[in-house]
Amino acid sequence: AQRVTQPEKLLSVFKGAPVELKCNYSYSGSPELFWYVQYSRQRLQLLLRHISRESIKGFTADLNKGETSFHLKKPFAQEEDSAMYYCALYTGGFKTIFGAGTRLFVKA
Amino acid sequence: GAGVSQSPSNKVTEKGKDVELRCDPISGHTALYWYRQSLGQGLEFLIYFQGNSAPDKSGLPSDRFSAERTGGSVSTLTIQRTQQEDSAVYLCASSLVGAPDSYEQYFGPGTRLTVT
């Protein structure tokens, strides 16, 4: 079955601490994975995609096919990182499966 | 330029009534998606339109839900005989192409539907 799992509904860290938002997927094909972010009172927007191997706003995510994971990481969290984060899996046929989301709260 | 727009931003309706939600995608975007965002449920795919192809309706939860896209642009999501479990934020997104290598969905602000 095709599935995206984000085990943490809420993650709270202190400013300056490392942060890792977990994402695991289930997919038989070659996965195309993304992270989307929704800041307070803003629209949902693409943060990064694994094929680009990019770092956006200090965030990186590495695809680990062995562990079927695509965790989002940042070494030093900032207050402005507080938002809702969704992991997403493109399954072909122009369809994307989103996880349940993790709300990140960065405390001062 | 203008992003994806949705109307209304909020809709409160009584159980059993029909509602129509509107989405204006970014001009020139050929792909249009509808999602439902429920608390703790993530984003649930509802329907996808690409150009003039038949829409992918595989995500629609029941036959009370339908959607159309006129002239390859504006889309309307209709929910008939609304139920309380239909209460959610309905998000529309558009993208220029449907291929993953250039894939980015641009989301609208959503319509918050409350069924009383």
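Taking the fewest neighbouring Cβ atoms within 10 Å as the starting point, the ordered list for B:Ser95, A:Ser40 is A:Ser40, B:Ser95. Here the dipole of the range B:5-78 is about 120 debye; that uses its Cα centre as origin and unit charges on the Cβ of Lys and Arg (positive) and Asp and Glu (negative). By other beta-carbon atoms within 10 Å, ranking B:Ile79, A:Ile97 with the fewest at the front produces A:Ile97, B:Ile79. Kirkwood radius and radius of gyration were both taken over the C-alpha atoms of the range B:17-70, and their ratio Rg/Rh is 0.97. Across peptide A:36-46, the mean count of Cβ atoms from other chains lying within 10 Å of each residue's own Cβ comes to 4. Just checking the listed ones, A:Leu44, A:Leu63, A:Leu89: in the Gaussian network model of chain A with Cα springs under 10 Å, the one fluctuating most is A:Leu44.
Put the Cα centre of the range B:64-98 next to the Cα centre of the range B:39-57 and the gap is 8 Å. Quick check: net charge around B:Phe65, other residues with Cβ under 13 Å of its Cβ, Lys/Arg +1 and Asp/Glu -1? The answer is -3. Using 25 Å as the Cα-Cα cut-off, could you pick out the over-long pairs in A:Lys9/B:Lys11; A:Lys15/A:Lys65; A:Lys9/A:Lys57? Violating the 25 Å Cα-Cα cut-off are A:Lys9/B:Lys11; A:Lys15/A:Lys65. One quarter of the surface of the convex hull around the alpha-carbon atoms of chain B equals 7.1 nm², the direction-averaged projected area. Residues of chain A were split at every exposed loop site, defined as GluC sites (Glu not before Pro) in a DSSP loop with at most 14 other C-beta atoms within 10 angstrom, and the longest piece left, sites excluded, is A:1-53. Neighbour counts of C-beta atoms inside 10 Å place B:Ser66, B:Ser94 in the sequence B:Ser66, B:Ser94, starting with the fewest. Evaluated on chain A, the Kirkwood hydrodynamic radius is 13.9 Å, with distances taken between all distinct Cα atoms.
Summing Lys and Arg as +1 and Asp and Glu as -1 over all other residues whose Cβ lies under 9 Å from the Cβ of A:Asn24 gives a net charge of +1.
Values in this text are rule-based calculations from the coordinates and carry no lab data. For clarity, every value in this text was computed on a predicted model and none was experimentally measured. Ideal geometry is used to build each Cβ from the backbone, glycine not excepted, and the neighbour counts take in all protein chains shown.
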